[in-house]
Structures are given as C-alpha cells and as structure tokens.
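Notes to accompany the following structure.
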Amino acid sequence: MATSIFSRKRDLTYLIYFCIAVPLAFIVDLQPLYPQSLIPGWMQSITDFYIDTYNDLFFIGTPPPFFEFFMYTEMLIQVPVMIWGIGGLLRDSKMVPLVLLPFACLVFITTATCMYEMVHWDVPLKQRLNLMALYGPYTALPGFLGADMFLRLKSMIESSTAVSRVAGKKNQ
C-alpha cells in the first residue's frame, strides 16, 4: 500500500508544482506555438496581462531560436512527464526518482539559460529583477527536485548493492 502523499511533504510539494505548471504550460508558455486562430480570447487576455506586467522579451517579437526549442521540450517532454508525475507521486511509484531526475535537470537548465539571457537584455534593472523573481522558483524548485531524486536513486542503489553483498555471502 502506498504511503499517503500528505505524509510525504516533498512529494506533496512536487505534486502541487505539477498541478500548477501543467495548465500554465498550455495557457501561457506554449501559446506562441499555437495557430493564432485557435487561441481563445480568455487565453490571449492572460498572455496580454503577462506581457503588460512583466514585459518578457521572450514573448514579445521574435525570441531567440533556443527559446522555441525550449518550448518544444516543454510540450514534448516536460508536460508529459509532469502528467505522469502527478499519478506517479500519488501512487508513490518507485519509478518517480528515475523519471523525475532527468526532468528536473532539463527544467533547471532551460530555465537557468533563460535567466542568463535576461541578464543581458537592454531593459531597466527593475524589469530584469521582476522577471528573475518570476523565473527564479522555476529554477530553484527543479534544482531541489533534482538533488532529491539523485539522493533517492543513490539510496536505492546503495541498498540494492548491500542486499546483493549479503545474498552473495549466504550463497558461498
């Protein structure tokens, strides 16, 4: 029987993150990939508000080529993994660390790359700081998630190795 998600505080944090990030991906992040005719007015209003509030240059004009690639990785890798992760975390699947470690690395690297690019934008410092505050948690949480998943995998491997050694001695 799986341990309740409410007793696994880190997993509960990841679950909440995924439940927020999946809809945001479809509503805001991936919107530049949609044909304009398929974007409903309410969705465009949210993006317009985001652009008016943050003046994020990735969503204004032509973004750098790497950003489009990052959107495709979000659509083809990140969103499917987060959807799987919701179920995997709820089930307390033993596969969670194996699946979420590379996910965390991808999200950390892509978001950190975007933040590095922002540092070089010719915009007021306050605008950059606001964007850093917005993007920062999307770098910090995957960094923590990655470290957590690495340590879980390391512990599983060490436990498996210890069991193998004990079993090997019994067979001698």
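Residues of segment 56-66 being without any contact (Cβ under 8 Å) to a residue 40 or more places away in the chain and surrounded by 12 or more Cβ atoms within 10 Å (Cβ to Cβ), which ones? Lay out the reasoning, then the answer.
Applying the first criterion (without any contact (Cβ under 8 Å) to a residue 40 or more places away in the chain) to segment 56-66 yields 59-63, 65.
The answer is 59, 63.
Out of the residues in segment 109-124 that are open to solvent by 70 Å² or more (accessible area, probe 1.4 Å) and under 23 Å from residue 52 (Cα atoms), which is nearest to the chain's Cα centre (by Cα)? In this case the residue turns out to be 116.
Residue-by-condition table, conditions (1) more than 13 Å from residue 57 (Cβ to Cβ); (2) out of contact with any Asp or Glu (no Cβ under 9 Å at 6 or more places or on another chain); (3) in contact (Cβ under 8 Å) with a residue 12 or more places away in the chain; (4) surrounded by 16 or more Cβ atoms within 10 Å (Cβ to Cβ):
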{"site": "83", "(1), (2), (3), (4)": "yes, yes, yes, no"}
{"site": "92", "(1), (2), (3), (4)": "yes, no, yes, no"}
{"site": "95", "(1), (2), (3), (4)": "yes, yes, no, no"}
{"site": "104", "(1), (2), (3), (4)": "yes, no, yes, yes"}
{"site": "107", "(1), (2), (3), (4)": "yes, no, yes, yes"}
{"site": "126", "(1), (2), (3), (4)": "yes, yes, no, no"}
{"site": "129", "(1), (2), (3), (4)": "yes, yes, no, no"}
{"site": "140", "(1), (2), (3), (4)": "yes, yes, no, no"}
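Taking first residues from segment 35-55 that are over 22 Å from residue 126 (Cα atoms) and partners that are assigned to a helix (DSSP H, G or I) and among the aromatic types (Phe, Trp, Tyr), the Cβ contacts under 9 Å between residues at least 6 apart in sequence or on separate chains come to 43/26.
In segment 18-31, the condition of being closer than 30 Å to residue 156 by Cα, of a type in the set (Phe, Trp, Tyr), open to solvent by 20 Å² or more (accessible area, probe 1.4 Å) and in contact (Cβ under 8 Å) with a residue 60 or more places away in the chain is met by no residue.
Here residue 100 fulfils each of the conditions (1) crowded, with 18+ Cβ neighbours inside 10 Å; (2) over 20 Å from the mean Cα position of the chain (by Cα) apart from (2).
The values are calculated or read from the model by the stated rules, or taken from the named source; none is laboratory data. Because the structure is predicted, anything quoted here is derived from the model rather than measured. Quick reminder, even Gly has a Cβ in these numbers, built from the backbone with ideal geometry, and neighbours come from all protein chains shown. Side chains are part of the model used for accessible areas, which takes the heavy atoms of the whole protein and leaves out ligands, DNA and RNA. Shrake-Rupley method; radii C 1.70, N 1.55, O 1.52, S 1.80 Å.
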